[in-house]
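Attaching a single structure in structure tokens format; questions to follow.
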Amino acid sequence: MNRVDGKVALVTGGARGIGGETAKLLAKAGAKVVITDLLERDGKAMADVINEAGGVACFFRHDVTSETEWAQVVAETVKQYGGLDILVNNAGVWARGVIEETTIEDFDKLCAVNLKGVFLGTKHAIGAMKTRPPDADSGSIVNLSSTAGLVGSATSAVYSMTKGGVRLFTKSTAIEVRGRGYNIRCNSVHPGATESPMQDDILATSNMSPNEIKEFMENRNLLGRFGKPLDIANAILFLASNDSAFMTGSEVVVDGGYTAR
Ligand SMILES: NC(=O)c1ccc[n+]([C@@H]2O[C@H](COP(=O)([O-])OP(=O)(O)OC[C@H]3O[C@@H](n4cnc5c(N)ncnc54)[C@H](O)[C@@H]3O)[C@@H](O)[C@H]2O)c1
């Protein structure tokens, strides 16, 4: 049996990168997947790829910083697929910047997407998940933090600040929903440097030559390579599914051993 057969999953920022791979993997494992993103063309294309492969997916244009849009997306998901079982708060932004040169606009953008987006998603998903019977599979909220939410970042202190916030918001959510008697679990995933358009931007703004990038990556973590989006999606699927039924408030680190030393 597939691991999330018949479940309904919503993946934010699912048009590409880690979110896109997660949407594909969840669909392959049996879920009906709602992909949301600002990128309409890429988001629709991702849903098409899933549907053409025999899965079930649709796309909504959605800005995770808008509470009105969150209410609409969750209501539409429930209307179309009959409920919401899994939320992957994946949408995120990164920006290089030393503290002294970071503007309030840069700060606000990072906080709006990485923190407000996760808060709003969690708030509206709880509303849709909280009536699950205690003996049913738990609703599962999976938040994308980062290794930058565990250890300091040399390239973006504010990004690190937001991802550290996601880590503790996850744990607080796990505690709060159980305290209110809801059958919902909430866990965070902490990827290390992973191939994606975001990582392309990180490298493009690093001033490193291709050889320097290769050397950097070989020495950055114990496994000597970048993560693949599928490496991260596998961990997300695990947390989304009942295989992780005894996990809540946990953090799963997928970083090739970067934080081991
Ligand atoms: N790639 C990495 O090395 C890495 C490492 C650690 C953590 N992460 C985290 O993983 C998540 C996915 O990262 P990725 O590398 O796939 O990034 P990405 O930039 O490739 O994809 C992120 C997606 O989020 C969407 N998005 C951005 N702002 C949005 C908004 N306001 N509303 C809706 N969608 C929005 C983008 O359009 C994009 O499709 C992010 O939260 C990121 O911080 C990535």
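Pop the C-beta distance of residue 214 and residue 102 into the FRET formula with R0 = 30 Å and round what comes out to the nearest 0.05.
Using R0 = 30 Å, I get an efficiency of 0.55.
While we're looking at this one, here's another question. With an 8 Å cut-off on Cα pairs and a minimum separation of 6 or more residues, tell me the relative contact order of segment 29-101 in percent.
26 percent.
Moving on. Starting with the highest mean, order 55-62, 238-245, 10-17 by the number of other Cβ atoms within 10 Å, averaged over the residues of each peptide.
10-17, 55-62, 238-245
Largest first and to the nearest Å, give the Cα extent of segment 212-261 along each principal axis.
Sorted from largest, the Cα extents of segment 212-261 read 42, 22, 12 Å.
OK, next. Out of every Cα-Cα pair in segment 136-191, what percent are more than 17 Å apart?
For segment 136-191, the fraction of Cα-Cα distances above 17 Å is 40 percent.
Okay, next question. Suppose we look only past 25 Å in the calculated P(r) of the chain. What percent of the Cα-Cα pairs does that tail hold?
Looking at the chain, the distances longer than 25 Å represent 41 percent of pairs.
Here is a further query. Find the centroid of the Cα atoms in segment 1-18 and in segment 75-129, then give the distance between the two in whole Å.
16 Å
Please give, to one decimal in nm, the separation of the simple spin-label points placed at residue 80 and residue 68, each 7 Å out from Cα toward the Cβ.
So the two model labels end up 2.0 nm from each other.
Continuing with the same structure: Per residue of segment 200-206, what does 6.51 cos²θ - 1.76 cosθ + 1.60 with θ = phi - 60° give for ³J(HN,Hα)? Whole Hz please, x for Gly and Pro, Karplus curve as stated.
Once rounded to whole Hz, the list reads 4, 5, 4, 6, 5, 9, 8.
A follow-up question, please. What's the angle, to the nearest 10 degrees (0 to 90), between helix 210-220's Cα axis and the longest principal axis of the chain?
Rounded to the nearest ten degrees, it is 70.
How do the peptides 182-193, 201-212, 79-90, 144-155 rank, highest first, by the average count of neighbouring beta carbon atoms within 10 Å per residue?
Values: 182-193: 24.1, 201-212: 11.9, 79-90: 22.1, 144-155: 19.4.
Listed from highest to lowest mean packing, they are 182-193, 79-90, 144-155, 201-212.
Please report the carbon-and-sulfur percent of the accessible area for the chain; probe 1.4 Å, protein heavy atoms only, DNA, RNA and ligands left out.
54 percent
Turning to a different aspect of this structure: To the nearest 10 degrees, how steep is helix 117-129 against the longest Cα principal axis of the chain, on a 0 to 90 scale?
Between the helix axis and the principal axis of the chain, the angle is about 20 degrees.
Suppose we look only past 16 Å in the calculated P(r) of segment 86-126. What percent of the Cα-Cα pairs does that tail hold?
On the way: 335 of 820 pairs.
Result: 41 percent of Cα pairs exceed 16 Å.
If you don't mind, another one. So if each residue of separation counts as 0.36 nm, and I subtract the Cα-Cα distance between residue 38 and residue 136, what length gain in nm does that give?
This chain segment gains 32.0 nm when fully extended.
To make sure I understand the rule: partners must be lysines, Cα under 26 Å from the Cα of residue 32, and not fewer than 8 residues away in the same chain. Which ones qualify?
7, 24, 44, 79, 116, 123, 130, 228
The values are calculated or read from the model by the stated rules, or taken from the named source; none is laboratory data. If you're wondering where the values come from, they're calculated on a predicted model, not measured in any experiment. Ideal geometry is used to build each Cβ from the backbone, glycine not excepted, and the neighbour counts take in all protein chains shown. Remember, those area values only see protein heavy atoms, side chains included, never the ligands or the DNA or RNA. Shrake-Rupley method; radii C 1.70, N 1.55, O 1.52, S 1.80 Å.
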